[in-house]
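First comes the structure, then the notes that go with it.
Any read-out appearing in this document is the output of simple, stated calculations on the displayed coordinates, not a laboratory observation. Because the structure is predicted, anything quoted here is derived from the model rather than measured. Heads up, the Cβs are rebuilt from the backbone with ideal geometry, glycines too, and the neighbour counts pull from every protein chain shown.
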Amino acid sequence: MYNNGVGSWLERRRPKSGPKAALIAGERSISYAELAERSDRLAQALRRRGVARGDRVAYLGENDPAFVETFFACGLLGAVFVPLNTRLAAPELQFQLDDAGVRLLVNAGHLEALAAAAVAGTGVLRRLVVAEPAELAEVGSPAAEVGSPAAQVGPDAVERYDQALLAAPAEPIDESVSLDDGAMILYTSGTTGRPKGALLTHSNITWNCYNVLVDTDLSSTDVALMISPLFHVASLDMGLLPILLKGGTAVLEQKFEPGRALELIERHRVTTLNGVPTTFQMLAEHPSWLTTDLTSLSKLTCGGSAIPASVLAAYDARGIEFANNYGMTETAPGATTLPRGRSRDKLGSAGLPHFFTDLRIVDPLGEALAPGEVGEIQISGPNVIKQYWNRSDATRDSYADGIWFKSGDMGYRDDEGFLYVSDRLKDMIISGGENIYPAEIEAVIVELPQVASVAVIGVPDEKWGEVPRAIVTLRVGAELTDDDVRTHLDGRLARYKIPKSVVFVEEMPRTASGKIRKAELRKQYAL
């Protein structure tokens, strides 16, 4: 094959695992042969609609076979896949569509209104809607009236996904795609308040999957329950893609509901599950936890933050062990993993570097530090991105010595090389597995004319780990309530980014240069 990228995986897997279930979604089971054929058809449909090598195609929707088909269809064409967070507001999506130069958007039918608002003013020429005709009629979409690829282009060029796919030939496409070609753009918020697009190559994704296969012992008999959104790199690259590469089965769930997740684990004999501490806590607190057969579970991986001792105890009681992971979008995303069986003696550790990944701890001058000394965590390896999309400045500033990605996280390694993350240079807040950058929220709050200055910090939360809190000073004579602030943010930012509380103060603690001392704010207001 000329295609050496991820798009070739299904064609290579088809003769080996053709009749086996690749995906299970509700009552629907899709074999590897069927998934390969549908991806071929979609690639042909996209090509008929002008998508060519290097073009960007976005997907807005929850975990669905169409998400997987769109990903692989892009890989077949040499196009670049752009998964979008369904929790974002229309202006946030609009920025990402415009910044990536997306040509075609595939969106779920129940998100039609959001999708229509998001593409306005962007370069998106066509949309394919994954929905039944009745669903489209409810939102007033003209998709059912559009009959051919020759229809007009622009915001009103909307077609039904299933019709476009089935009308296309099931002929494989063998485009020349190299491992160094771009495969996916994932947006990660930056400290300047504007998201950056991390460009993952086919090589980045492939080597990350190799790391997962080596360090978690995945096999073709494994069944993965996908309860985290696939638009998150951890769910897609640590969960779904390694399973499909190995020839296992992925069970897709559009939304996480603890009771249903427990039911599916028992029904499908699920072996592997990825999530964040909140996910596993909610499962353990569900009334069905003690009566559900969990004996099939053998490979649980947790990311986002360290696993609380109370959660470990609940799973220990059921004979289930964890592997804790650390990483980020820019490492595709695995950087380290804590082997199962070490959760107790290495409590709080993020583990050892993945097999094909290297890690170092350095001081501000870039000098390597000894075990136990806290410094910046830097990562290198074939899974680490080489650039941000259209952001040469961010690319240049993110690497040391040309190969070490500067994570912005602080940590140390013990005498055995196990990593412990101690602080975050970039002030990122992790709430229920979602990355939140304060600068993005601050930039919107400060638009209020009453606000003189604002700082957003993370505060502990029993359910979500941490949530944002806004510290605000007002202009002289101005009046503002916390409800006013949240109302201003509603619809402009994703709901999980909106501060759960607002504290009004008369003066901000500042450095001599005028910068707000966030460490001092945390001491005063993070309890």
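Quick notes on this structure:
- Protection proxy ranking of 301-309, 458-466 - average other beta-carbon atoms within 10 Å, highest first: 301-309, 458-466
- Using the Cβ-Cβ distance between residue 473 and residue 29 with R0 = 56 Å, the FRET efficiency computed as 1/(1 + (r/R0)^6) comes to roughly 0.45.
- Normalised by the number of residues in the chain, the average gap of Cα pairs under 8 Å and 6 or more apart makes the relative contact order 11 percent.
- Taking a ≥ b ≥ c as the square roots of the eigenvalues of the Cα gyration tensor, region 381-470 is oblate, since a/c reaches 1.5 or more and a/b is not larger than b/c.
- MRE, 222 nm, helices only [DSSP H, n ≥ 4, -39500 (n - 2.57), over the chain, to nearest 500]: -8000 deg cm²/dmol
- Shape category assigned to region 429-525 from the gyration tensor of Cα positions, a/c cut at 1.5: oblate
- Region 193-232: C-alpha gyration tensor shape, a/c 1.5 cut-off, then a/b vs b/c: oblate
- Length gained on full extension, residue 483 to residue 520: 10.8 nm, using 0.36 nm per residue less the C-alpha separation.
- Debye intensity ratio I(q)/I(0), log10, region 66-120, q values 0.16, 0.19 Å⁻¹ (C-alpha model): -0.48, -0.67
- Taking 7 Å steps out from each Cα toward its Cβ at residue 217 and residue 309 produces label points 2.8 nm apart.
- Spacing of the modelled spin labels on residue 4 and residue 400, each 7 Å from Cα toward Cβ, amounts to 3.2 nm.
- Rounded to two decimals, the Cα-based Rg/Rh of the chain, with Kirkwood Rh, is 0.96.
- Averaged over residues, the count of other Cβ atoms within 10 Å places the peptides 14-20, 323-329, 250-256 in the sequence 323-329, 250-256, 14-20, highest first.
- In this calculation the C-beta distance from residue 390 to residue 171 is compared with R0 = 30 Å, giving a FRET efficiency of 0.30.
- Considering only beta bridges that DSSP places wholly inside region 429-525, some 75 percent are antiparallel.
- For the chain, size of Cβ-based charge dipole, Lys and Arg +1, Asp and Glu -1, in debye: 480 debye
- When region 34-130 is described by a simple charge dipole with +1 on each Lys and Arg Cβ and -1 on each Asp and Glu Cβ, the residue from 68, 94, 54 located farthest towards its positive end is 54.
- The gain in end-to-end length when the residue 288 to residue 527 segment is fully stretched comes to 82.8 nm, 0.36 nm per residue minus the alpha carbon separation.
- Annotation: peptides 344-352, 34-42, ranked by per-residue average of other Cβ atoms within 10 Å with the highest first, follow the order 34-42, 344-352.
- Antiparallel DSSP beta bridges within the chain, as percent of all bridges there, nearest 5: 55 percent
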